[in-house]
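Peer 1: Have a look at this one before I ask anything.
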Amino acid sequence: MKCIINGKIVLPDKVIENKALIFGETIENLCDVSEINLADYEVIDAAGRFVCPGLVDMHIHGYLGEDASDGIVDGVKKMAAGIVENGVTAWCPTTMTVSKDEILKAFDVARTVKNTTDYYGANVLGINCEGPFINPSKKGAQSEEHILRPDADFILDNADIIKVFTVAPEMDGGKECIEKVYKDGRVLVSMGHTGANFEEANTGIAAGVRHTTHLFNAMTPLQHRNPGVVGAALSAKNVSCELIADTFHVNKGLFDMVARLKGEKLCLITDCMRAGGMPDGDYTLGGQPVKKTGIQCLLEDGTIAGSVLKLNEAVRNLYENTDLSVAEAVACASLNPAKALSEDDKIGSIEIGKRANLMLCDEHFNVSCTVIGGTVRFEM
C-alpha cells in the first residue's frame, strides 16, 4: 500500500491540504496524516505539489512519431508510454478518414493493446473513430477519397472497441445513423467535420448527438443570424464539447466564455498527431504531408492538421486564460471526459474506490510523477 503526503490534493470541487492519500490499485482512504502510521506504507512525498486525478485524453491521433491509424501494436504501445509523461493515464487512440480496411486494422490493434497487460503505458479505453462519416466540405486534414455515407452498423459491429465516433448530421443517412447508435447506447455520438446549419445540428442533437468534435474547428461558425454547429453545441445543455486549448486552434480569448457556457461538459483534448513530442520538421497525417513549426501543424495548402499539444499543457492554458479554479481546470481533462465516455465510475477523480490513477505536478502543471492503477509509471 502506498501513501502520498504533503500534497495539494485536487478533488472534483476543491483542493485540500494536510491529508494523506492512501492507495493500492484503487484509492483506499483520504485522511489526516495523524491518523496513520507512515511506517506501514510506501510513502511518496509530494513536497507541496498538486496531486491530481490522472488525465484522460479522449482524442489523440499520434505521438512520438507514431499514429493510431498506422495499425501497429508497438506504435500504439509507444504512444501509450509517451503520454504518461504528460500525466495521461487513460486515452482513446483516434482514427482518421483512411480506408475502411485500415480503420478495421486500427480497431484490431486497439483491441490487442487494451487487452494486453505487458505494456507500461496509459490505459486504452477504446477507439475514438473520427471519420469516415463526415462532410467533404469540412474535411479539414482528412482524406476526401475515403469519406463514406454514415453507417450505424459499422459502428455497432465494432462497439466493443469504439467509445466515440464523429458524424456530420446533415449528410445523407446521418440522422438515421445517429438515432440507431444512440438507441443502442454503447457508443457516444459526436458531431464534427460538419457543414450543418443551426437547425440541422439541432436535429442531430434531437436524434442523439451528445458530443462535439474539436469545437470551432471544421464546423459552421457562430454568427448572430446563423448560429451554426458552434451555436447549437454551446446552447445544448446535454452536449459536451471538445476544446483544443493550444491557443492556435482556438484563440485563448474564447476559453473563458466556453468554460462558463459548458461547465462540466467541457472536455480538453489534444488532437495530437505523430509530430507530438518530436522536433520541427516534415511528418504525415492520414497519408498527407504535414509540416510542424512550433505549435503549428499544417498541410501544404495551409490547412490545420491536428496539433502537438500535451494534455497537461492544455490544462495550464485553460487555467491561465479563464477564471476557473485549479479543480475546475483539471476536471476538464479528467472527470469531464471520463463522464462523456461513461467511465467516471472508475476513473477521472480522486474518490475512494476509484482506480488510483494520479498525476503529481507543480503550479504550472509540469508533471513530475504519474501513477496508473497504483503503480508509478513515470517519475522525474
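Peer 1: Given the conditions (1) in contact with an Asp or Glu (Cβ under 7 Å, 6 or more places away or on another chain); (2) at pLDDT 95 or above, report the number of the one that residue 292 does not fulfil.
Peer 2: (2)
Peer 1: Enumerate the pairs (first residue in the range 237-261 and more than 22 Å from residue 210 (Cα to Cα); second residue anywhere and part of a loop (DSSP other than H, G, I, E, B) and open to solvent by 60 Å² or more (accessible area, probe 1.4 Å)) with beta-carbon separation below 9 Å, excluding pairs fewer than 6 apart on the same chain, so at least 6 apart or on different chains.
Peer 2: Close Cβ pairs satisfying both conditions: 246/295; 247/295; 248/295.
Peer 1: Scan 218, 232 and give me the residue that is closer than 19 Å to residue 59 by Cβ and open to solvent by less than 60 Å² (accessible area, probe 1.4 Å).
Peer 2: Every option except 218 fails the conditions.
Peer 1: Within the range 77-122, can you find the residues that are polar (S, T, N, Q), within 22 Å of residue 55 (Cβ to Cβ) and open to solvent by 40 Å² or more (accessible area, probe 1.4 Å)?
Peer 2: Residue satisfying the conditions is 117 alone.
Peer 1: While we're on this one: Using the structure shown, decide if residue 172 is farther than 29 Å from residue 309 by Cβ, acidic (Asp, Glu) and not in a helix (DSSP H, G or I).
Peer 2: Criteria met by residue 172.
Peer 1: Can you tell me which residue within the range 47-95, out of those that are in a helix (DSSP H, G or I) and among the β-branched types (Val, Ile, Thr), is farthest from residue 242 (Cα to Cα)?
Peer 2: 73
Peer 1: Six or more apart or on different chains, Cβ atoms under 6 Å: show the pairs whose first residue is in the range 127-141 and buried (at least 20 other Cβ atoms within 10 Å of the Cβ) and whose second is among the small types (Gly, Ala, Ser).
Peer 2: From the range 127-141, the pairs are 127/110; 134/168; 135/168; 135/195; 140/218; 141/305.
Peer 1: From the list 57, 40, which one is open to solvent by less than 10 Å² (accessible area, probe 1.4 Å), among the acidic types (Asp, Glu) and closer than 30 Å to residue 6 by Cα?
Peer 2: Just a single option satisfies the conditions, and that option is 57.
Peer 1: Might you let me know whether the range 326-343 holds any residue that is open to solvent by 20 Å² or more (accessible area, probe 1.4 Å), under 15 Å from residue 11 (Cβ atoms) and part of a loop (DSSP other than H, G, I, E, B)?
Peer 2: Checking the range 326-343: not a single residue is open to solvent by 20 Å² or more (accessible area, probe 1.4 Å), under 15 Å from residue 11 (Cβ atoms) and part of a loop (DSSP other than H, G, I, E, B).
Peer 1: Here's another thing I want to ask about it. Could we say that residue 246 is modelled with pLDDT of 95 or more, under 27 Å from residue 201 (Cα atoms) and surrounded by fewer than 16 Cβ atoms within 10 Å (Cβ to Cβ) here?
Peer 2: It is false that residue 246 is modelled with pLDDT of 95 or more, under 27 Å from residue 201 (Cα atoms) and surrounded by fewer than 16 Cβ atoms within 10 Å (Cβ to Cβ).
The values are calculated or read from the model by the stated rules, or taken from the named source; none is laboratory data. Here the structure is a predicted model, which is why all the values come from computation and not from measurement. Reconstructed Cβ throughout: ideal geometry from the backbone, glycine too, with neighbour counts over all protein chains shown. Surface accessibility is based on the protein's heavy atoms, side chains included, excluding ligands, DNA and RNA. Shrake-Rupley method; radii C 1.70, N 1.55, O 1.52, S 1.80 Å.
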